[in-house]
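Here's the structure, in structure tokens; my notes come after.
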Amino acid sequence: MFDVVIIGAGPSGASAALFTAKAGKKTLVIDNDKSVTKRAWMENHYGVMEISGPDMIEIGKNQAEKFGAEIIQDTVVNVVKAESGFVVEAENQKFEGKHVIFATGMLADLAEKVGLNTVPGTEPRVKTIIAVDTAGKTSIDGIWAAGTIAGVSMHTIITAGDGAKVAINIISELNGERYVDHDILKA
């Protein structure tokens, strides 16, 4: 059983996976390789002069894998409540997780199928988003949402930060105390 199953490996999903894996949580990312970030060019990312979307996605996945996240390519078709969490059903396999993060970008079909509360989107071309509280919790306990699907600005720096925020909230819940991840320069 995974501590966290993340649906989507764009900036919000990969960022969430980086934090959960680095915190020692067993993390799975299921990605359908359809992120709109793959068509982006960014010169507005703090700390990065310029980067292509495909490069950003690849670096994000590599960072998460460095700390032990497992990333697979598949398409999630359903999420079902189970006794100890959720069964995440992909086209080719099933996985169990205590928590699930929807990081599905502009795609709300799966969220609606699962029964999550949705509301109209606020970003251009984003018709529907998942209703979340300030922590990223959805209407189903144990399912969270991060990034564009959770109603934040589509800018990758913002969606990545939102993924990190949601991950920190999940880690804190799993640990029973507020989690902080600060690395220190090595001399």
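Quick notes
- Qualifying residue in region 88-111 (condition: crowded, with 22+ Cβ neighbours inside 10 Å, of a type in the set (S, T, N, Q) and touching a residue at least 60 places away in the same chain (Cβ under 8 Å)): yes
- Residue check, ALA164 under 24 Å from VAL48 (Cβ atoms) and modelled with pLDDT of 95 or more: yes
- Those residues of region 33-65 which are buried (at least 18 other Cβ atoms within 10 Å of the Cβ) and farther than 24 Å from ASP183 by Cα, in sequence order: SER35, THR37, ALA40, MET42, GLY53
- Filtered residue count, region 139-184, keeping only those that are of a type in the set (Phe, Trp, Tyr) and either loosely packed, with under 15 Cβ neighbours inside 10 Å or not in a loop (DSSP other than H, G, I, E, B) (or both): 1
- When the strands (runs of 3 or more DSSP E) confined to region 1-118 are screened for residues that are under 13 Å from the mean Cα position of the chain (by Cα), those reaching at least 1 such residues are found at 2-7, 27-31, 70-73, 94-102.
- Pair list, Cβ < 7 Å and 6+ apart or interchain, from region 167-185 residues that are over 15 Å from THR27 (Cα atoms) and in contact (Cβ under 8 Å) with a residue 40 or more places away in the chain to residues that are of a type in the set (Lys, Arg) and in a helix (DSSP H, G or I): ASP181/LYS22
The values are calculated or read from the model by the stated rules, or taken from the named source; none is laboratory data. Source: prediction; values computed, not measured. Cβ sites come from the backbone with ideal geometry, for glycine too, and all protein chains shown count toward neighbours.
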